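*Asks:* I am attaching a structure below and will ask some questions about it afterwards.
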Amino acid sequence: MPRNVTRKLIDDHLVSGDAEPGREIGLRIDQTLTQDATGTLVMLEFEALNLPRVRTQVSAQYVDHNLLQTDFKNPDDHLFLRSAARKFGVHYSRPGNGVSHPVHMERFGLPGTTLVGSDSHTPAAGSLGMLAIGAGGLEVALAMAGEPLYLKMPEVLGVRLEGQLPDWVSAKDVVLEMLRRYDVDGAKGMVIEYYGPGLAHLDAMDRHVIANMGTEMGATSTVFPADEAVRAFLAGQDRAGDDRELTADEGAAFDHHDEIDLSALEPLIALPSSPGKVVPVREVAGEPLYQTYLGSSANPGFRDFAVPAMMVDGRRTDPGVSFDVNPTSRQILANLAEHGYLAKLVHAGARLHQAGCNGCIGMGQAPATGHNSLRTVPRNFPGRSGTQEDRVFLCSPETATASALRGVITDPRDLDMPYPAYRPPERFTLDTEMIEAPAPPEEARGLEVVKGPNIQPLPEFEGLPDTLELEVALAVGDDVSTDEIMPAGAEVLPFRSNVPEISRFVYRAVDPTFPDRAAELRDRDGGSIIVGGQNYGQGSSREHAAIAPRYLGVRVVIAESFARIHWQNLANFGVLALTFDAPDDRDRLEAGTRLRLEGLHDALEHGTPIEARIVGEDRPVTLTHQLSERQVAMLRAGSLIADLRARLEN
């Protein structure tokens, strides 16, 4: 049968399971990506496996999130990551070198390969014809050890692109159009694959923008073919020898289908506080503005800064607007300077920041309370910017820059200027010196991993008992994000390698009393329960959103549905994820409700419903699960690490 690109990638890497949608499969992983907000745990987890060296083709560690050095914690962790990378065979991208996704694309992206990363926007590498998947850190550590990545076989959503983008509309508007159609969970269980004649007008970095934000629709990954655009990108990085054509067979089918006429798109914007609240910019034009922000993994390309620079050339941004420019890599920054674009931005009033994630993850550049901020970042979950009552919009570089010039939210088509006639430079200056190769194996054996006082051992968790009687510590609504469960930002992220300390921030924005109450229930009853709604745990891949609640004693999370990565992270650390058989039962469980669950081992083993009882009531709450035999074993052992250790010992 003719195969699409996604199916070719999966077939070439399938090591276990039947590739039927919904079935658990195991995939061989060629490359791994870690960043510093999640990488410290990954390195601790890999170290716990007692292996001397990674077993992947390429593994790379990036320092891009925790760049602020206000005390010892972040620099200590940077030294830890560098020493672990040198010892274990991992490439190390130094602080200030740039955001992991575009830098990995430049230096290591390879058509036809698989990549798993401890960052939910890892699918951005699908722009090069890779199958790139975000996952929890523990799964990445196992991939580094040569273990398969396990997931449910996705369906494939084929999106045919027709036409060509009009002036003032760019790749960000394409993915915002997809979010307008599919919201934040409409692509769950799918890989989005783009094809069609419209691809000829989207270069590799345009595709990166679109692939990056497939995550915001709940997609497992996003895939583009490896064609002439990919060939040109690799050649521009002096990597022409890495080119490999990978396209869909003629007549290839998809499980679902959609179509976008690029020529019919207009500038779009996502309203606060969800990537799925997309409307035309003209619907909110004229609203006041405090800040615009260029950069992040969602708009990391050279043109995403060059076009704004041409727009502001000879002009000044509105004095009431903070015009923040966040270069995504040292290489981009150098080329902007060499080709004259950086001076244009600075003269127009830009506030220039170091290359990294920065404001996207709440590490600086927080907006003023209650004031509008237009950003080219991938997410605008409540409080993610670092300001509790934030008003963050998601938009294209063109919309952000037009608004900075006018001082109010502005459709760029309304500017009194022609669309900039941007042409990429014939040749970019490359910067490869900020990525350090690992030590050779013979040298690595004698190296020590450097651990500062903030790096603490991973906690050990006991296995799931057959009976639990626990209190509901917290009940939350739909679309709860991992940013709400485990906040990021300059205050919290420095504790990423210290689980006891970071657990003090769990659900702080939702209920500041939660950490103390959960710890009390842990010490009194052995744990507690959290109740959620639909799409629980959307957003970041950070496993801290699972391990920190588990440290506080959360044994069970019951929701109407779960986001893929968080659902797996819960199992990895021994937290039982259950769903309501009858959605109306959700309203029966509130904070303080006491629930008794019996016969868990048998129900999990045989896949039968769990008849839970509210203490003091006769009518049961029927709960189900979608856990595989492998995941059930993790829960019985207490965690994936404990289960793996037991299997290795036997």
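The values are calculated or read from the model by the stated rules, or taken from the named source; none is laboratory data. Only a predicted model underlies this, so the values are computations on that prediction, with no experimental measurement involved. Here the Cβ is made from the backbone with ideal geometry for all residues, glycine too, and neighbour counts use every protein chain on show. Note: accessible area is taken over every heavy atom of the protein model, side chains too, but ligands, DNA and RNA are not part of it. Shrake-Rupley method; radii C 1.70, N 1.55, O 1.52, S 1.80 Å.
*Asks:* Which one is nearest to residue 356 (Cα to Cα) among residues in the stretch 269-294 that are outside any helix (DSSP H, G or I) and in contact with a Pro (Cβ under 6 Å, 6 or more places away or on another chain)? Show your work before the answer.
*Replies:* First pass over the stretch 269-294, keeping only residues outside any helix (DSSP H, G or I): 269-280, 284-294.
From what's left, in contact with a Pro (Cβ under 6 Å, 6 or more places away or on another chain): 273, 290-291, 294.
Values: 273: 23, 290: 22, 291: 19, 294: 12 Å.
Among residues in the stretch 269-294 that are outside any helix (DSSP H, G or I) and in contact with a Pro (Cβ under 6 Å, 6 or more places away or on another chain), the one nearest to residue 356 (Cα to Cα) is 294.
*Asks:* Across the stretch 592-643, which residue is modelled with the lowest pLDDT among those that are closer than 27 Å to residue 141 by Cβ and touching a Ser or Thr at 6+ places or on another chain (Cβ under 8 Å)?
*Replies:* My answer is 626.
*Asks:* Among the residues of the stretch 296-313, is any over 26 Å from the mean Cα position of the chain (by Cα), open to solvent by 40 Å² or more (accessible area, probe 1.4 Å) and under 27 Å from residue 340 (Cα atoms)?
*Replies:* yes
*Asks:* Scan the stretch 426-436 residue by residue and report those that are surrounded by 15 or more Cβ atoms within 10 Å (Cβ to Cβ) and either under 20 Å from residue 56 (Cβ atoms) or over 27 Å from the mean Cα position of the chain (by Cα) (or both).
*Replies:* Just the residues of the stretch 426-436 that are surrounded by 15 or more Cβ atoms within 10 Å (Cβ to Cβ), to begin with: 428, 430-431, 434-436.
The answer is 428, 435, 436.
*Asks:* Further, regarding this structure: Counting residues that are more than 23 Å from residue 184 (Cα to Cα) and open to solvent by 20 Å² or more (accessible area, probe 1.4 Å), which helices (runs of 4 or more DSSP H) fully inside the stretch 539-650 reach at least 3? Walk me through it before giving the result.
*Replies:* Numbers: elements: 544-551, 564-572, 600-606, 629-637, 640-649.
The helices (runs of 4 or more DSSP H) meeting that bar are 600-606, 629-637, 640-649.
*Asks:* Test of understanding: among 439, 368, which residue is surrounded by fewer than 17 Cβ atoms within 10 Å (Cβ to Cβ) and among the hydrophobic types (A, V, I, L, M, F, W, C)?
*Replies:* 368
*Asks:* Just the residues that are surrounded by fewer than 24 Cβ atoms within 10 Å (Cβ to Cβ), in contact with a helix residue (DSSP H, G or I) (Cβ under 7 Å, 6 or more places away or on another chain) and part of a helix (DSSP H, G or I), please, taken from the stretch 218-231.
*Replies:* Selection gives 229 alone.
*Asks:* Hey, can you tell me all the residues within the stretch 194-203 that are surrounded by fewer than 24 Cβ atoms within 10 Å (Cβ to Cβ) and either at pLDDT below 95 or outside any loop (DSSP other than H, G, I, E, B) (or both)?
*Replies:* Let us first name the residues in the stretch 194-203 that are surrounded by fewer than 24 Cβ atoms within 10 Å (Cβ to Cβ), namely 195-203.
Correct list: 195, 197, 198, 199, 200, 201.
*Asks:* Looking only at the stretch 325-365, filter to residues that are more than 19 Å from residue 95 (Cβ to Cβ) and charged (D, E, K, R); which one of those is most open to solvent (accessible area, probe 1.4 Å)? Walk me through how you get there before you give the answer.
*Replies:* Narrowing the stretch 325-365 to residues more than 19 Å from residue 95 (Cβ to Cβ): 335-351.
Applying the additional criterion that residues be charged (D, E, K, R) yields 338, 344, 351.
Numbers: 338: 108, 344: 59, 351: 124 Å².
The residue in question is 351.
*Asks:* Within the stretch 520-531, which residues are open to solvent by 10 Å² or more (accessible area, probe 1.4 Å) and not in a helix (DSSP H, G or I)?
*Replies:* 526
*Asks:* Given the condition assigned to a loop (DSSP other than H, G, I, E, B), exposed (fewer than 14 other Cβ atoms within 10 Å of the Cβ) and in contact (Cβ under 8 Å) with a residue 60 or more places away in the chain, answer yes or no: does some residue in the stretch 485-492 qualify?
*Replies:* No, because not a single residue in the stretch 485-492 is assigned to a loop (DSSP other than H, G, I, E, B), exposed (fewer than 14 other Cβ atoms within 10 Å of the Cβ) and in contact (Cβ under 8 Å) with a residue 60 or more places away in the chain.
*Asks:* How many residues does the stretch 176-186 hold that are open to solvent by less than 40 Å² (accessible area, probe 1.4 Å) and either closer than 24 Å to residue 253 by Cβ or free of Cβ contacts under 8 Å to residues at least 60 places away in the same chain (or both)?
*Replies:* Our first condition is that a residue be open to solvent by less than 40 Å² (accessible area, probe 1.4 Å); within the stretch 176-186, this holds for 176-179, 184, 186.
Still in the running and either closer than 24 Å to residue 253 by Cβ or free of Cβ contacts under 8 Å to residues at least 60 places away in the same chain (or both): 177-178, 186.
The total comes to 3.
*Asks:* If only one of 470, 464 is over 23 Å from the mean Cα position of the chain (by Cα), among the aliphatic types (A, V, I, L, M) and not in a strand (DSSP E or B), which one is it?
*Replies:* Numbers: 470 fails: not in a strand (DSSP E or B).
From the options 470, 464, the qualifying one is 464.
*Asks:* Only one of 559, 646, 563 is touching a Gly at 6+ places or on another chain (Cβ under 7 Å), modelled with pLDDT under 95 and of a type outside the set (D, E, K, R). Can you tell me which? Before you say what the answer is, go through the steps one by one.
*Replies:* Working: 559 fails: modelled with pLDDT under 95; 646 fails: touching a Gly at 6+ places or on another chain (Cβ under 7 Å).
Of the residues listed, the single one that is touching a Gly at 6+ places or on another chain (Cβ under 7 Å), modelled with pLDDT under 95 and of a type outside the set (D, E, K, R) is 563.
*Asks:* What pairs come up if the first residue lies in the stretch 257-280 and is in contact (Cβ under 8 Å) with a residue 40 or more places away in the chain and over 19 Å from residue 378 (Cα atoms), the second is hydroxyl-bearing (Ser, Thr, Tyr) and open to solvent by 10 Å² or more (accessible area, probe 1.4 Å), and their beta carbons are under 9 Å apart, counting only those six or more places apart or on different chains?
*Replies:* Taking only residues 6 or more apart or on different chains, the pairs are 258/182.
*Asks:* Say we look at the stretch 493-514 and pick out the residues that are at pLDDT 90 or above and open to solvent by less than 20 Å² (accessible area, probe 1.4 Å); which of these is nearest to residue 592 (Cα to Cα)?
*Replies:* In this case the residue turns out to be 514.
*Asks:* Further, regarding this structure: Would it be correct to say that residue 535 is within 29 Å of residue 492 (Cα to Cα) and crowded, with 24+ Cβ neighbours inside 10 Å?
*Replies:* On the way: within 29 Å of residue 492 (Cα to Cα): yes; crowded, with 24+ Cβ neighbours inside 10 Å: no.
So residue 535 does not fit the description; no.
*Asks:* Scan the stretch 258-268 residue by residue and report those that are in a helix (DSSP H, G or I) and open to solvent by less than 20 Å² (accessible area, probe 1.4 Å). Please lay out each step first, then the result.
*Replies:* Going residue by residue through the stretch 258-268, those that are in a helix (DSSP H, G or I) are 262-264.
262 - this is the single residue of the stretch 258-268 that is in a helix (DSSP H, G or I) and open to solvent by less than 20 Å² (accessible area, probe 1.4 Å).
*Asks:* Additional query: Does residue 517 fit the bill of being outside any loop (DSSP other than H, G, I, E, B) and open to solvent by 10 Å² or more (accessible area, probe 1.4 Å)?
*Replies:* Working: outside any loop (DSSP other than H, G, I, E, B): yes; open to solvent by 10 Å² or more (accessible area, probe 1.4 Å): yes.
Against the criterion (outside any loop (DSSP other than H, G, I, E, B) and open to solvent by 10 Å² or more (accessible area, probe 1.4 Å)), residue 517 qualifies.
*Asks:* Scan the stretch 1-27 residue by residue and report those that are touching a Pro at 6+ places or on another chain (Cβ under 6 Å) and either basic (Lys, Arg) or open to solvent by 40 Å² or more (accessible area, probe 1.4 Å) (or both).
*Replies:* Of everything in the stretch 1-27, just one residue is touching a Pro at 6+ places or on another chain (Cβ under 6 Å) and either basic (Lys, Arg) or open to solvent by 40 Å² or more (accessible area, probe 1.4 Å) (or both), namely 15.
*Asks:* Taking the stretch 152-168, which residues are out of contact with any Ser or Thr (no Cβ under 7 Å at 6 or more places or on another chain) and either open to solvent by less than 10 Å² (accessible area, probe 1.4 Å) or closer than 17 Å to residue 14 by Cα (or both)?
*Replies:* If the condition is that a residue be out of contact with any Ser or Thr (no Cβ under 7 Å at 6 or more places or on another chain) and either open to solvent by less than 10 Å² (accessible area, probe 1.4 Å) or closer than 17 Å to residue 14 by Cα (or both), then 152, 153, 155, 157, 158, 159, 161 are the ones that fit.
Each row is one residue, and each column tells you yes or no for (1) in a helix (DSSP H, G or I); (2) touching a strand residue (DSSP E or B) at 6+ places or on another chain (Cβ under 7 Å).
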{"site": "150", "(1), (2)": "no, yes"}
{"site": "161", "(1), (2)": "no, yes"}
{"site": "186", "(1), (2)": "no, no"}
{"site": "214", "(1), (2)": "yes, yes"}
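*Asks:* Condition check: among the hydrophobic types (A, V, I, L, M, F, W, C), more than 30 Å from residue 143 (Cα to Cα) and touching a Pro at 6+ places or on another chain (Cβ under 9 Å). Does residue 582 satisfy that?
*Replies:* Numbers: among the hydrophobic types (A, V, I, L, M, F, W, C): yes; more than 30 Å from residue 143 (Cα to Cα): yes; touching a Pro at 6+ places or on another chain (Cβ under 9 Å): no.
So residue 582 does not fit the description; no.
*Asks:* Also: Residues 57, 61, 69: which one is without any contact (Cβ under 8 Å) to a residue 40 or more places away in the chain, at negative phi and surrounded by fewer than 24 Cβ atoms within 10 Å (Cβ to Cβ)? It would help to see each step written out before you state the result.
*Replies:* Numbers: 57 fails: without any contact (Cβ under 8 Å) to a residue 40 or more places away in the chain; 61 fails: surrounded by fewer than 24 Cβ atoms within 10 Å (Cβ to Cβ).
Answer to the check: 69.
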